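To keep things clear, I will list the structure first and then write my remarks on it.
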Amino acid sequence: MRPLIPLLLLVFALSACASGGSAGGAGAYVGGLVALECAPFARALTGVRLSGQAADWWWAAAGRYDRTSQPEVGSVLVFQRSERLRSGHVAVVSRVLSRRQILVTQANWVHHRVTEDQPVIDASSGNDWSLVRVWWPPAGGMGATEYPAFGFIIPAAPTSHDRLVAATPRAIRIAAGR
């Protein structure tokens, strides 16, 4: 399984150049320095009406939103609590590149930053997105840590990459209380 990681990194590098999505390449920063958390930003961007700590969104979504192990554009990837993510984390899927590669737009993965079209790979042995690796913009590459994830929450209204990009500045303002 590990020999695939260099190949995936090459694919991400090439796809980031061809995507045309974010001017700064993979995981470009959007909106300057912003003091906001991932959950309010994801809520403002997707319209998913959940609150509380990010990891709790998975259980709170039961009966209110569809949940799945397959990413869709506009769905919310919910990270479990871990030693590094004490409250969990949520990120919005901005593109599905393949069964095991997506791009996300998220807040506060890098402190006080919103990143757009940031690569995430499925690192799980069962191809079910239960374990992921995330691009680390300060290093310009995939992070070494694997994070446990619950899966994806599907918002009530479908969206597209272009709509997410257009909605990001407004979501930043809403989440920041401006």
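The numbers here are math on the coordinates, done by the rules we state, and not lab data. Computed from a prediction, not measured in an experiment: that's the story for all the values here. Reconstructed Cβ throughout: ideal geometry from the backbone, glycine too, with neighbour counts over all protein chains shown.
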Can you tell me how much longer the chain between Asp66 and Arg173 gets when fully stretched, taken as 0.36 nm per residue apart minus their C-alpha distance, in nm with one decimal?
-> 35.8 nm
Rounded to the nearest 0.05, what FRET efficiency do Asp56 and His112 have when you use their Cβ-Cβ distance and R0 = 22 Å?
-> 0.45
For the range 4-176, rounded, prolate or oblate, judged on the Cα gyration tensor with a ≥ b ≥ c (square roots of eigenvalues), a/c < 1.5 rounded, else prolate if a/b > b/c?
-> rounded
